[in-house]
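Heads up: the structure comes next, in C-alpha cells.
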Amino acid sequence: MSTDAIAIPEDEAHGIKSVPSAGHLTSGPASPYAPYWHPIAPSSAVTDKPARFMLLGEALVAFRTSEGLGVFKDLCVHRGAPLSMGWVENDRITCPYHGFQYDITGRCRRIPSIPEDQGIPKKVNAIAYQSQDAYGLVWVALAEPVAPIMPWPEFADPDWRALEPLHYSWNASAGRIVENYLDAAHFPFVHDGLLGKREDTLIDPYHHTLERTERGLTFYLDQEEPAAPDTDEGEKLRLTYTAYMPFVCQLVKTTSRGETHVPLFVCPKSDTESDLFCPILRNVDREPEQDDGYVYIVDTAAKEDRVIVESQRPEQLPLDLAEEMHIKVPDAAGVLYRRLLRDVEAGVFAATG
C-alpha cells in the first residue's frame, strides 16, 4: 500500500486544534452502520420465545418458527406494544396487546378483532430486517448489506476445533473496542505476563505490513506471548490481524505447531454500550481437555481490557486525527482504522467481496 495510507500528517498528529468527537452511531436504519452485518446474540439465545435485543439504538425482537429466523423492530405498528412481550403461535409472532399475528417476513396474517375474510392493509406489517445464523451467532443488517458476513471457512472444517463464542457486555463504544483489539502496544502494561512483558515494551515495526483491503485492513507482527499454551518459553508467534469494517475483526496466532483464531465480533448496541462475541478456533491441541488454557487467555485479556476501555474519554472514538495524539509506528493500525471508519460514516467506504 502507499505510505500515505498510514502516514500521520503533522497537522493531524499533534492535536493542534480542538474538534468535536466523531463516531456517533445514529440510531436504527438511519445510521451509517445500518448496511453492515452485526451480531446481536448467540444463536442458542434466540428460540420460539421472542426476545429483545439492541442494535444501533434500535430495539429488536428475535424469534424462531418452523419457517426460520425472524428479526423485527420491537414494535407492533398498531398501538406500539413491544412484540418481545408476545409469543409464537402457529408459526407467527403474536402481539400481546391485540393479538395481531405476523409471519417471519413481517407480513400481518391475522387481526383477531376483524372477520378473517376482511383484507389486512399492508401498512399493518411489522418492520422486518435481514437476519441469518453464522458462526454460532445471530447476525442482523438494518439496511441492505453492502457486503456479506466475513468469511471463516475453518469454522466448518473438521480438522479445526471451534468453541462457542465467549460473550461480554461492555459500557464502551464499538470503535474504542475494535481499536483496542488492533493495538499490541498496550500488551506489556494491561496484559503483563499474559500477552506481553513489562520488561519488553518495544513494538515490532509492523507498519510495513499494514495494508488497506477491500473490506478494511490487515497487518501482522511477531512477538512473545508469555501465557500461550502452544509456544515454548521465549518463542515468538506471529499475530495476523484482519479488520472487516466497521466492527468485526479476526486474529490469527501462528506458531511452529499450528494456528489459533480469535475473532472479535462487536455488536454496537448504542453509542456507549456494546456486546462482544469471541469464538476460539484452533487446529492445535484439539482435545477438549485443552480448551481451558485457550479460554483462560481470551477471558483474562477481555476482563483486563474492559477496565481500561470503559474508562476512555471521549467515549466515542475520535475520527478527526487532530483530537488525540498518535505515535507513528505503534498507532499505525489505529490511525488507518479511524480513517476507514470516517469513510463509513461519510458513506464513501465501498465494501465488496
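The figures follow:
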item	result
Heavy atoms of GLU211: accessible area, 1.4 Å probe, square angstrom to 10	90 Å²
Kyte-Doolittle mean at least -0.5, axial Cα span of 15 Å or more - DSSP H helices of the chain	291-309, 332-346
Dimensionless Rg ratio for the range 75-204, taking C-alpha atoms and the 2.2 N^0.38 Å reference	1.67
Rg/Rg_ref, the range 142-205, where Rg_ref = 2.2 N^0.38 Å and atoms are Cα	1.57
Prolate/oblate/rounded label for the range 56-98 (Cα gyration tensor, a/c 1.5)	oblate
Base-10 log of normalised Debye intensity for the chain (one unit scatterer per alpha-carbon) at q = 0.12, 0.13 Å⁻¹	-0.90, -1.03
For the chain, calculated [θ]222 nm from helices alone, where every DSSP H run of n ≥ 4 adds -39500 (n - 2.57)	-4000 deg cm²/dmol
Alpha-carbon centroids, the range 107-138 and the range 326-344: separation in whole Å	42 Å
Spacing of the two label points (7 Å from each Cα toward its C-beta) at THR300 and LEU202, in nm	2.6 nm
Semi-axis lengths, Å, the range 238-353, gyration tensor of Cα atoms, sqrt of 5 times eigenvalues	29, 17, 15
Cα gyration tensor shape of the range 169-232, rounded if a/c is under 1.5, else prolate or oblate by comparing a/b with b/c	oblate
Cα-projected label distance for GLU273 with LYS122, points at 7 Å along beta-carbon direction, nm	3.5 nm
Exposure ranking of TYR97, TYR181, TYR102 by accessible area [1.4 Å probe, largest first]	TYR97, TYR181, TYR102
Using a Förster distance of 41 Å, the FRET efficiency for TYR97-LEU163 (Cβ separation, nearest 0.05)	0.50
Most mobile of PHE265, PHE187, PHE247 in a GNM of the chain (Cα contacts under 10 Å)	PHE187
Per residue, in Å², the accessible surface of the chain once ligands and nucleic acids are set aside, probe 1.4 Å	45 Å²
Förster radius 41 Å - calculated FRET efficiency between ASN90 and GLU287 (Cβ-Cβ, nearest 0.05)	0.35
Distance-filtered residues of the range 273-289 - backbone nitrogen under 19 Å, label point 7 angstrom along ARG257 Cα→Cβ	280-289
Shape call, the range 289-353: gyration tensor on alpha carbons, a/c limit 1.5	prolate
Accessible surface of the chain, 1.4 Å probe, proportion on carbon and sulfur as whole %	50 percent
Added length on full extension, which subtracts the Cα-Cα distance from 0.36 nm per residue, ARG52 to GLN132	27.2 nm
THR300, THR254, ranked by accessible area, largest first (probe 1.4 Å)	THR254, THR300
Dimensions in Å of the range 195-270 - Rg and Dmax from alpha carbons	13.9, 42
Relative contact order (%) - the chain, alpha-carbon pairs under 8 angstrom, separation at least six	23 percent
Förster radius 56 Å - calculated FRET efficiency between ILE114 and ASN171, Cβ distance, rounded to 0.05	0.75
Accessible-area value, SER173, 1.4 Å probe, nucleic acids and ligands omitted, Å²	10 Å²
Calculated from backbone phi, Karplus (6.51, -1.76, 1.60) coupling profile of the range 133-148 in Hz, x at Gly/Pro	8, 7, 6, x, 9, 9, 10, 9, 10, 7, 9, 4, x, 7, 7, x
Pairwise label distance in nanometres, ALA30 with LYS236, each label 7 Å out on the Cα-Cβ vector	5.0 nm
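The values are calculated or read from the model by the stated rules, or taken from the named source; none is laboratory data. The structure presented is a predicted model; accordingly, all values stated were derived computationally and were not measured. Glycine gets a Cβ as well: all are built from the backbone with ideal geometry, and neighbour counts include every protein chain shown. Just the protein is used for accessible areas: all its heavy atoms, side chains included, with ligands, DNA and RNA removed. Shrake-Rupley method; radii C 1.70, N 1.55, O 1.52, S 1.80 Å.
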